[in-house]
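None of the figures in this text is laboratory data; all of them are computed from the coordinates on show. Keep in mind that this is a model prediction, so the values were computed, not measured. Every residue, glycine among them, receives a Cβ derived from its backbone with ideal geometry; neighbour counts consider all protein chains shown.
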Amino acid sequence: VRALQKGLLYAVDRVTFRRVIIDLAHEKRCKYMDFLKSLPLLNLTLSELEISKIADALEEVTFSVVGEAVILQGDLGDAFYIVAQGVASVIKDNIHVATLNPGDYFGELALLNKQPRAASVLVKEAPLKCLRLGEADFVRLLGPLKDLLKKRNEDQYKQYKKYIDE
């Protein structure tokens, strides 16, 4: 690297850099672990080690505009989401079929069934913060829950069938 003009350069040694990265990762893990342990789906079926691996893989995404789409009906599923803050609306064929609050999750059936998204999820109250788990991590980390997720959610979503069929 060659400077084009006089300036000030800061350097961080390897040990300090690693310590900062490890501290940030630990802080993130602790923050998400508490939240994930509060979710009955995960707390009742996964060990603490499995939950910590999920916490490490999560990415926080924020949607700031009411009406903004998190996922759109018909799109290919590429991630699983957990609502961390805010409220979202589930829209199927332009009909409101559900409201999602902190702790609720969505996007799993498209991943489990390898089908397009069955509904859209839009921001109802901003900001909407979601924890996102990409498809590869979802399959790797939530594989033990595959049958439970499919059974539980397909049964739950049957209550919305009347809106879907109309």
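Label positions at Glu59 and Ala126, each projected 7 Å from the Cα along the C-beta direction, are separated by 2.1 nm. Quick check: from the Cα gyration tensor, does segment 81-138 come out rounded (a/c under 1.5), prolate or oblate? Here segment 81-138 falls in the oblate category. Size descriptors for segment 4-146 (Cα atoms only): Rg and Dmax, in that order, 18.3, 61 Å. Debye-formula intensities of segment 2-86, expressed as log10 I(q)/I(0) at q = 0.21 Å⁻¹, are -1.08 (one equal scatterer per alpha-carbon, no solvent). Positive contributions from Lys and Arg (+1) and negative ones from Asp and Glu (-1), summed over other residues with Cβ under 14 Å from the Cβ of Val20, come out at +1.
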